[in-house]
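Below is one structure, written out as structure tokens; comments come after it.
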Amino acid sequence: MVTSQPGSGVTAALDWVMDKSLVLGYTKVGPALRRRWWPADPAPGALAGRHVLVTGATGGLGLATAAGLARLGAVVHVTGRDAGRLERARATLLSDQPDASVETHVSDVSDLAGTAEFARDLASRVPRLHALVHNAGVMPPKRTTTDEGHELALATHVLGPHVLTFGLRESLAGGRVVLVTSGGAYAQRLDVDDPEFTQGTYSGTAAYARTKRMQLVLAPLWARELGGDAVTVASMHPGWADTPGVTESLPGFAKVTGPLLRDAEQGADTAVWLAATGDPIDSGRFWHDRRQRATHYAPVRVETPGEVERFWAFVCETTGVPAPVR
Ligand SMILES: NC(=O)c1ccc[n+]([C@@H]2O[C@H](COP(=O)([O-])OP(=O)(O)OC[C@H]3O[C@@H](n4cnc5c(N)ncnc54)[C@H](OP(=O)(O)O)[C@@H]3O)[C@@H](O)[C@H]2O)c1
């Protein structure tokens, strides 16, 4: 069943204009206006006792997402690469919500073998996982490869999340998977010829946006693959939010947009809503501010079905999951 799009024709048109204008839709103006017509908040206690996992939750949007889910009663599992930053995140979550259940896990999602091991361990201890939010993100200043030889943005945004999702497949049955992508994906087409960005001049912003496009393409593929387990998949973009990632990776952008940037809670809102709402969600779709969005704007062309299948084959072969049927 499809979640109905909120609002009358007039609000739908206004919402669309805001989206196209970028500044109105992506900044804090977006949620300030759209909350008048967007779908209801999840019920208080909607996630009481349910386990959720948020990757990259030591700061920024991941921490805000974990806080939002904890406020709804979830047992929150958070990951990051550094034990000290995770401890500080736990303290922040507990100061916001003193009765929250928070479990921290040192896990680098760009390390595919380590991520598979983490998934095995978590699945053995948490047989039912209500939601997995793939939030961890990076904009490498120069081309960097992981110890396993993968370009870092690709490993962090695409390959690692794929390994984690399929490693937790059984625990996620009946649950939700949310991919935190970016409006930057609109600027890039799916590149199936050079997914590891080995050719041309490397740019961190281009690598970031290319792999964010891949996340958009991945969502319906995961929905197709995991539909049999009743896992609902969504991708979303947060707009422009004031986080360490934005101020450190894009200082010029942060300076110009500063007063208009969303706070982290506003940026995380749709990820929390998608993970927690009791409304049915049409699997595989792309969301922003609690509304389904177009995945492409001209002049960036839509990928062909052949390109999508080549991309899927690349991701499955590179990660080894799901295991090929023999
Ligand atoms: N802020 C925005 O305006 C905006 C806009 C569009 C999309 N997004 C997306 O939203 C997500 C969060 O962005 P943000 O702005 O909050 O970024 P941020 O402030 O840089 O936070 C990134 C988080 O990811 C974690 N992380 C990075 N690499 C990791 C890895 N390999 N394994 C595990 N954790 C890792 C970091 O934790 P440690 O360093 O402690 O490991 C940190 O907690 C990203 O996916 C980003 O692309 C943000």
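May I ask you to list the residues in region 113-160 that are touching a strand residue (DSSP E or B) at 6+ places or on another chain (Cβ under 6 Å) and within 18 Å of residue 57 (Cα to Cα)?
Scanning region 113-160 gives 129, 130, 131, 132, 133, 134, 135.
Which count do you get for residues in region 63-88 that are over 22 Å from residue 40 (Cα atoms), within 17 Å of the chain's Cα centre (by Cα) and assigned to a helix (DSSP H, G or I)?
1
Out of region 260-280, which residues are in a helix (DSSP H, G or I), within 12 Å of the ligand (Cβ to nearest atom) and of a type outside the set (D, E, K, R)?
260, 264, 266, 267, 268, 270, 271
In this structure, does residue 248 turn out to be surrounded by fewer than 18 Cβ atoms within 10 Å (Cβ to Cβ) and either closer than 16 Å to residue 177 by Cα or within 16 Å of the chain's Cα centre (by Cα) (or both)?
no
Residue by residue, here is whether (1) in contact with a Phe, Trp or Tyr (Cβ under 7 Å, 6 or more places away or on another chain); (2) within 16 Å of the ligand (Cβ to nearest atom); (3) in contact (Cβ under 8 Å) with a residue 24 or more places away in the chain holds:
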{"position": "9", "(1), (2), (3)": "no, no, no"}
{"position": "24", "(1), (2), (3)": "no, yes, no"}
{"position": "100", "(1), (2), (3)": "no, no, yes"}
{"position": "108", "(1), (2), (3)": "no, yes, yes"}
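Can residue 211 be described as within 11 Å of the ligand (Cβ to nearest atom), surrounded by 23 or more Cβ atoms within 10 Å (Cβ to Cβ), in a helix (DSSP H, G or I) and of a type in the set (S, T, N, Q)?
The answer is yes for residue 211.
Kindly evaluate residue 174 against the criterion of being free of Cβ contacts under 8 Å to residues at least 12 places away in the same chain and either more than 9 Å from the ligand (Cβ to nearest atom) or under 19 Å from residue 110 (Cβ atoms) (or both).
Judged against the criteria, residue 174 is not a match.
Hey, among 216, 221, which residue is outside any strand (DSSP E or B) and within 14 Å of the ligand (Cβ to nearest atom)?
One residue alone meets the criteria, 216.
Table: residues versus (1) assigned to a helix (DSSP H, G or I); (2) crowded, with 16+ Cβ neighbours inside 10 Å; (3) at negative phi.
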{"residue": "282", "(1), (2), (3)": "no, no, yes"}
{"residue": "295", "(1), (2), (3)": "no, yes, yes"}
{"residue": "303", "(1), (2), (3)": "no, yes, yes"}
{"residue": "306", "(1), (2), (3)": "yes, no, yes"}
{"residue": "316", "(1), (2), (3)": "yes, yes, yes"}
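Does region 244-259 contain at least one residue that is in a loop (DSSP other than H, G, I, E, B) and modelled with pLDDT of 95 or more?
No, every residue in region 244-259 fails to be in a loop (DSSP other than H, G, I, E, B) and modelled with pLDDT of 95 or more.
Would it be correct to say that residue 173 is assigned to a loop (DSSP other than H, G, I, E, B) and open to solvent by less than 40 Å² (accessible area, probe 1.4 Å)?
Considered against the rule, which asks whether it is assigned to a loop (DSSP other than H, G, I, E, B) and open to solvent by less than 40 Å² (accessible area, probe 1.4 Å), residue 173 comes out as yes.
Here are some residues: 62, 56. Which one is at pLDDT 95 or above and either farther than 19 Å from residue 243 by Cα or open to solvent by 10 Å² or more (accessible area, probe 1.4 Å) (or both)?
The unique qualifying residue is 56.
Looking only at region 69-98, which residues are closer than 24 Å to residue 158 by Cα, without any contact (Cβ under 8 Å) to a residue 40 or more places away in the chain and away from the ligand (no atom under 12 Å from the Cβ)?
76
Test residue 194 against the stated conditions and say whether it is open to solvent by 10 Å² or more (accessible area, probe 1.4 Å) and within 13 Å of the chain's Cα centre (by Cα).
Here the answer is no, as residue 194 does not meet what is asked.
What number goes with the only condition from (1) open to solvent by 10 Å² or more (accessible area, probe 1.4 Å); (2) modelled with pLDDT of 95 or more that residue 69 does not pass?
(1)
Residue-by-condition table, conditions (1) surrounded by 15 or more Cβ atoms within 10 Å (Cβ to Cβ); (2) at pLDDT below 95; (3) more than 14 Å from residue 184 (Cβ to Cβ):
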position	(1), (2), (3)
201	no, no, yes
207	yes, no, no
215	yes, no, no
224	no, no, yes
236	yes, no, no
265	yes, no, yes
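The values are calculated or read from the model by the stated rules, or taken from the named source; none is laboratory data. In this text, all values refer to a predicted model and were calculated from it rather than measured experimentally. Every residue, glycine among them, receives a Cβ derived from its backbone with ideal geometry; neighbour counts consider all protein chains shown. The accessibility values were calculated without ligands, DNA or RNA, using every heavy atom of the protein model including side chains. Shrake-Rupley method; radii C 1.70, N 1.55, O 1.52, S 1.80 Å.
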